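S.K.: Let me give you the structure first, and then I'll get to my questions.
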Amino acid sequence: MNTVVEKWKSYRIRSKTTKKPEKTEAFEVASQWQLMWWKFKKHKMAMFSAIVLILLYLSAIFCEFLSPKVPLERFSEYKNTPPQGIHFYSKETGFSLRPFVYDMKMTVDQKTFRRTFQEDKSKPYYIYFFVKGSEYKMWGLFNSDIHLFGTKDPNAPMFLAGTDDLGRDLLSRMLYGGRISLAFGILGIVLTLVLGLLLGGLSGYLGGFTDTVIQRTIDLLICIPTIPLWMALAAAMPRNWSALEIYFGMIIIFSIIGWTGLARVVRGKILSLREEDFTMAARLAGASDMRIVTKHLLPSFASYIIVSITLSIPATILGETALSFLGIGLMPPVVSWGVLLQDAQNLETLAYHPWLLWPASLIILTVLMFNFLGDGLRDAADPYK
Amino acid sequence: MSISEEILNVQSLKKYFVIKKGFLQRTAGYVKAVDDVNFYIREGETFGLVGESGCGKTTLGRCVLRAIEPSEGVTLFRDRDGKMKDLNGLDSKELRRFRRDIQLIFQDPYSSLNPRMTVENIVGEPLVCNGMASGEALRERVKELVEMVGLSSRHLERYPHAFSGGQRQRIGIARALATNPRFIVCDEAVSALDVSVQAQILNLLRDLQKRLGLSYLFISHDLGVIQHISDRVGVMYVGRMVETAKTDDLFKQPKHPYTEALLSAKPIPDPRKKAARIVLSGEVANPANPPSGCYFHPRCQYAQDVCRKKKPEWREVGPDHFVACHLADELTLQGAVKS
Amino acid sequence: MSVNIKKQSAGAGAANADVILEVKDLKVHFHLDEGKLKSVDGVNLTIRKGKTLGIVGESGCGKSVTSQALLRIVPHPGTVEGQILLKRGNTGNSETVDLVKLDDKGKEIRSIRGGEIAMIFQEPMKAFSPIHTVGDQIMEAILLHRTKDDSEARRIALETLQSVGMSNPVQRMNEFPHQLSGGMRQRAMIAMALASHPNILIADEPTTALDVTVQAQVLQLINELKEKTGTSVIFITHDLGVIAEMSDDVAVMYLGKVVEYTDVDTLFYGARHPYTKALFHSIPSVASRNKRLESIEGTVPFPMNLPEGCGFYSRCPRAEDGLCNVTEIPLFKVSENHYVRCLFAEEQNPGGVGNEH
């Protein structure tokens, strides 16, 4: 029964091209990456996720330009302002193509001293593209004050996602935080990749004593609960480190723990590929060990590594968030999604300032998208099945 | 037929796999996958090696290639200058030179080709690795090879997934021929193929042998294929060679009871002919714990006391006819039913 | 449930009374994104009581899918069309059921599967669950189809294991499938299939994975059991040697169609379809020593988006343009019990093994 099913499967990659002769040619000379791309394209959800992730990363790269304010700028009049609505219509001016926001007027309840904000319909602020605003240093390289959108008056209140308790624009902070958090995922994986490939590769290819040592180390590392281990390591970082040092310190902490999974994937793949006939054929052809590894083994499991990485990036991002949220990772004034969520730690926030939870939704979105993407990649990873 | 010189002479070849047990990996015993095997192959000849699964025929083939290191024994191979050299004594550099002369064709046409390489790269790999050709010369040689095995040069840029099983096997053959080998081990080279495709590949192997003067060690479990392609045949049972003879001699007058049983078990594609079948009782012996004396004695209907006690000698009972059986001179065994 | 049950009078024609399963115009199509894969395309077969029908063909010819269709276990997304008429019950009051019309998860088909029609596979490890003992699994089959009593089932299981030549059956009952050798596993699977006294045993390449000496044992066993119990056997294989040994009737399949259908002797001594003849010439044997084999050119096309006409057209030495590639070739009756799907069946010299010497 299985052979029939396998036949369709092999035919599935074939058939999509057999209908037209010129496309047959394309299939026959298609490399593994081409075949994977064809298969991946069929996975709608993964394609969608890939696009969302690209947008997220683009926004992180250009966050200075995209955000209307700078993240540390305080508007002391506007603490804990709820998100403003964007309007196109007002009674006074009628319909306007240019969107605008109303000023927020604070009232204090005399009994409870609770502050509430109401829209002040008398003061509309129109939103323009490419406005001059607060000055920032693009990628830390050159100064600029052009923002993608904003009000003409740089000090006008425009808080599309609200503000925090110091009166800082949450939208801008989320965009800046995205840069730190999303980059953390990528940078964390680079080191993980190096460690995982090296140690997993050695373990699989050399075998014997090396293998035993590395495997037992992995066993040891994965049986320690991660959160306490992170906390211990994070607590071991000197207090007087700068924000940047702490950032890279955390990346190292995550890689030291995170390489184990990848190393196992790599080792398993090498062990099974070493037994493949084509590896022996290469050896009999006189290929050196180096050639076998680089020409035969690496290309064969590269796609699996990509899948494994895609699925472990969100874990790293979540880890950073968790530590920062607990207050032992990144610290203010550094802005990351985890740091932003520190403000949402109490019931008061949930009750009165729910917009402070917005960063959480971004984290959820990122993690989901990475998982969907990983799913699609996993399906496409072996086009020869 | 004038008798040509031997190209390969294997003497007392052994391959014992160590069984390790327990936490400390103590040696608990040996699997005697290849146990004291002797045979020779002449230049331009096809030597068929037949046996049931687990009898060690594949291990033997790989030991001859030194793809697996044999534990003991001598594998004499005739160098191009006519001298016999022991392959097992070669260091890795010398071995590399000999590897050009000895190649392997695999059973599985799917796993033996790297799906991520084009036909051109697959077939050209041995040439590149041995520094035998590059650039335009490499391309020309690969083209020649591909056409030699019945594929077209149009196929060079394609990947293995574009080919059927038979075509893939042709690619594997082209790769094996790249370095101009003189001796090829065909390890179940046609077993995975359908009958009609199998016939194509058998024809191809035979044509190539005539054209290039190749010698084959042809390993198969299929008696029909062995009978068709071989000049001489060796039969293995639990790691030991039990009989070698010219194909006709072996199929007409086997001297070993196991050969007889094996021949009688083969279904005959003719409903009017029924084999007087010898149905063997019991199971194939475990090579980790083989019986005493002759390994076949628990299943042998002719077994006598001596068979249980003494390992039979490997001896010549006729021209080119060797057998390991105490009773070879006394027994008259039935051959295969002619189909 | 719309079940088509046709009552047949007890004293139907003698020739007809022999037939216990009749397959009429069976089609199994797989509807894939890329098109319709015609795995089995219009197959007619007749299974007679106590006889063996051999189905032979190369991989992808549809022989295995045919057998799956008989039990309605065609994998998704396959659809089954045509008629599979099974005669149920005793000879006294038999009724004919069309298996195609049954719900493939329904109660009735489940009582037929493993009950009246049992199947043995190429890979016995796939038929057994690795976590239950051989005895438990055989007893389960018996409890489903034969008896409700545990100790009775145990007795039958033991008896069956004995009858398939299991050494030490009492001990084997308590062993797990992986503890048995290949040949013993195959015997255990046959025991499980036979435990429910099936009328029809479908054997799908049951000896392909086995060594010749073990194959000989298993073939002999199936033949002995057939003699003893009067079970009909459908034997699927690619090996013409096994076909010669096992079959009474033979259907040669190519690309989802039966191309030649006759009794075993006629096939081996008077084959008329060019494909059948080519198959015989492809078998390596003594006769062909030192000769080139007459192989068939090219490979089997994939059964999707096939051109009109004879499926063998592209590889056939006798093919004629404008004749063979125009319309579907019907199955011609060459003589009594000999059907050939070829326009030139009559004018050709019959082939097979018989003509070579």
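S.K.: I'd like the FRET efficiency for residue A:47 and residue C:321, computed as 1/(1 + (r/R0)^6) with the beta carbon distance as r and R0 of 35 Å, rounded to 0.05.
M.R.: Between residue A:47 and residue C:321 the formula returns 0.15.
S.K.: Chains A and C: how much accessible area gets covered up at their contact, both sides added, probe 1.4 Å, in Å² to the nearest hundred?
M.R.: The contact between C and A buries close to 1300 Å².
S.K.: With springs only between Cα atoms under 10 Å apart, run a GNM on chain A and tell me which of A:201, A:338, A:188 wobbles the most.
M.R.: A:201
S.K.: For the stretch A:85-158, with the dipole built from +1 on Lys and Arg beta-carbon atoms and -1 on Asp and Glu ones, taken about the Cα centre, which of A:149, A:106, A:138 lies farthest toward the positive end?
M.R.: About the Cα centre, the residue reaching furthest to the positive side is A:106.
S.K.: Lys/Arg Cβ at +1, Asp/Glu Cβ at -1, dipole of the stretch B:205-254 taken about the Cα centre: which of B:237, B:226, B:212 is farthest positive-ward?
M.R.: The one lying farthest along the dipole's positive direction is B:212.
S.K.: Restricting the calculation to Cα positions, tell me the Rg (one decimal) and the Dmax (whole number) of the stretch A:85-158 in Å.
M.R.: Cα-based Rg and Dmax for the stretch A:85-158 come out at 16.0, 51 Å.
S.K.: Once you charge only the Cβ atoms, +1 for Lys and Arg and -1 for Asp and Glu, what is the size of the charge dipole of chain A about its Cα centre, to the nearest 20 debye?
M.R.: With only Lys, Arg, Asp and Glu charged at Cβ, the dipole is about 1080 debye.
S.K.: What net charge do the residues around residue A:340 carry, taking every other residue with its C-beta under 14 Å from that of residue A:340, with Lys and Arg at +1 and Asp and Glu at -1?
M.R.: Net charge around residue A:340: -2.
S.K.: Can you tell me the orientation of helix C:212-229 relative to chain C, as the angle in degrees between its alpha-carbon axis and the longest Cα principal axis, to the nearest 10?
M.R.: In chain C, helix C:212-229 runs at an angle near 70 degrees to the longest axis.
S.K.: Please give the per residue accessible area of chain B, computed with a probe of 1.4 Å over protein heavy atoms only, in Å².
M.R.: On a per-residue basis, chain B sits at 39 Å².
S.K.: Could you compute Rg(Cα) / (2.2 N^0.38 Å) for the stretch A:173-381, with N its residue count?
M.R.: Ratio of Cα Rg to 2.2 N^0.38 Å: 1.20.
S.K.: Here is a follow-up. Quick check: the angle from helix B:119-129's long axis to the longest principal axis of chain B, C-alpha only, nearest 10 degrees?
M.R.: It is inclined by approximately 80 degrees.
S.K.: Something else now. For the pairing of chain A with chain B, what total accessible surface becomes buried, with a 1.4 angstrom probe, in square angstrom to the nearest 100?
M.R.: Chains A and B together bury approximately 2500 Å².
S.K.: When only Cα pairs under 8 Å and 6 or more residues apart are kept, what is the percent relative contact order across the stretch A:85-158?
M.R.: 24
S.K.: What is the diffusion coefficient of the protein assembly as shown in µm²/s, taking the Kirkwood radius over Cα pairs and the Stokes-Einstein relation at 25 °C with a viscosity of 0.890 mPa s?
M.R.: Here the translational diffusion coefficient equals 71 µm²/s.
S.K.: Can you give the accessible area per residue of the stretch C:223-287, in Å², using a 1.4 Å probe?
M.R.: Normalised by residue count, the accessible surface of the stretch C:223-287 is 23 Å².
S.K.: Please give the residues from the stretch B:193-236 for which the solvent-accessible area of heavy atoms, probe 1.4 Å, is smaller by at least 40 Å² with all protein chains in place than with the chain isolated.
M.R.: B:194, B:195, B:196, B:199, B:200, B:203, B:206, B:227, B:228
S.K.: What does a probe at residue A:272 reach in the stretch A:294-319, counting residues whose amide N is under 18 Å from the point 7 Å along Cα→Cβ?
M.R.: A:296-311
S.K.: Let me ask something else about it. Which angle between 0 and 90 degrees, to the nearest 10, do you get for helix A:358-381 versus the longest principal axis of chain A when only C-alpha atoms count?
M.R.: Helix A:358-381 and the main axis of chain A meet at about 20 degrees.
S.K.: When Lys and Arg each count +1 and Asp and Glu each count -1, what net charge do the other residues less than 15 Å away from residue A:352, Cβ to Cβ, add up to?
M.R.: -2
S.K.: Something else now. For chain A, set up a GNM with springs between Cα atoms under 10 Å and report which of A:159, A:130, A:209 has the largest fluctuation.
M.R.: Highest fluctuation among the options: A:209.
S.K.: For the protein assembly as shown, give the magnitude of the charge dipole about the Cα centre (Cβ charges: +1 Lys/Arg, -1 Asp/Glu; no others), in debye to the nearest 20.
M.R.: The dipole of the protein assembly as shown has a size of about 1000 debye.
S.K.: Over chain A, what is the relative contact order in whole percent, taking alpha-carbon pairs under 8 Å and six or more residues apart?
M.R.: Reported relative contact order: 21 percent.
S.K.: What are the GluC sites (Glu not before Pro) within the stretch A:85-162 that DSSP puts in a loop, where the Cβ has at most 14 other Cβ atoms within 10 Å?
M.R.: Filter output for the stretch A:85-162: A:92.
S.K.: Related question: Express the accessible area of chain A per residue in Å², computed with a 1.4 Å probe while the remaining protein chains stay in the model.
M.R.: Ligands and nucleic acids excluded, the figure is 50 Å² per residue.
S.K.: Placing +1 at every Lys and Arg Cβ and -1 at every Asp and Glu Cβ, with all other atoms neutral, what dipole size does chain C have around its Cα centre, in debye to the nearest 20?
M.R.: With only Lys, Arg, Asp and Glu charged at Cβ, the dipole is about 600 debye.
S.K.: Work from the charge dipole of chain C (Cβ charges, +1 for Lys and Arg, -1 for Asp and Glu, about the Cα centre) and give the residue of C:268, C:345, C:141 farthest towards its positive end.
M.R.: Sorting the options by dipole projection puts first C:141.
S.K.: Next question. Among the listed pairs A:69/A:111; C:38/C:277; B:15/B:83; B:266/C:257; C:87/C:226, which have their C-alpha atoms separated by more than 27 angstrom in this model?
M.R.: Exceeds cut-off: A:69/A:111; B:266/C:257.
S.K.: Out of the GluC sites (Glu not before Pro) in the stretch B:254-339, which ones are loop residues according to DSSP with at most 16 other C-beta atoms within 10 Å?
M.R.: B:283, B:313, B:330
S.K.: If r is the Cβ-Cβ distance from residue B:281 to residue C:24 and R0 is 35 Å, what FRET efficiency results, to the nearest 0.05?
M.R.: Between residue B:281 and residue C:24 the formula returns 0.20.
S.K.: Residues with beta-carbon under 14 Å from that of residue B:222, excluding residue B:222: net charge, scoring Lys, Arg +1 and Asp, Glu -1?
M.R.: Summing Lys/Arg as +1 and Asp/Glu as -1 gives -4.
S.K.: Filter the trypsin sites (Lys or Arg not before Pro) in the stretch C:51-160 to those in DSSP coil with at most 14 other Cβ atoms within 10 Å of their Cβ, and list the result.
M.R.: Here the trypsin sites (Lys or Arg not before Pro) that fit, given the DSSP loop and packing criteria, are C:105, C:148.
S.K.: Percent of accessible area on chain B owned by carbon and sulfur, 1.4 Å probe?
M.R.: Of all accessible area on chain B, carbon and sulfur atoms account for 48 percent.
S.K.: Ratio of alpha-carbon Rg to the 2.2 N^0.38 Å globular estimate for the stretch B:13-93, to two decimals, please.
M.R.: 1.30
S.K.: Would you report the distance distribution of C-alpha pairs in chain B as whole percents per 10 angstrom bin, up to the bin with the largest distance?
M.R.: Reading the bins upward from 0: 5, 24, 32, 24, 12, 3, 0.
S.K.: Would you mind telling me the share, in percent, of accessible area of the stretch A:170-290 contributed by carbon and sulfur at probe 1.4 angstrom?
M.R.: That fraction is 73 percent.
S.K.: Residue A:237 versus residue C:229, label points 7 Å from Cα toward the beta carbon: distance in nm?
M.R.: Distance between the two pseudo-spin positions: 7.2 nm.
S.K.: Determine the share of the stretch A:85-158's accessible area contributed by carbon and sulfur atoms, expressed in whole percent, with a 1.4 angstrom probe.
M.R.: 59
S.K.: Roughly how large is the C-B contact in terms of buried accessible area, totalled over both chains, probe 1.4 Å, nearest 100 Å²?
M.R.: 3700
The values are calculated or read from the model by the stated rules, or taken from the named source; none is laboratory data. Remember, predicted model here, so these are calculated numbers, not experimental data. Virtual Cβ from ideal backbone geometry, glycine too; neighbours counted across all protein chains shown. Note: areas computed on protein heavy atoms with side chains; ligands, DNA, RNA excluded. Shrake-Rupley method; radii C 1.70, N 1.55, O 1.52, S 1.80 Å.
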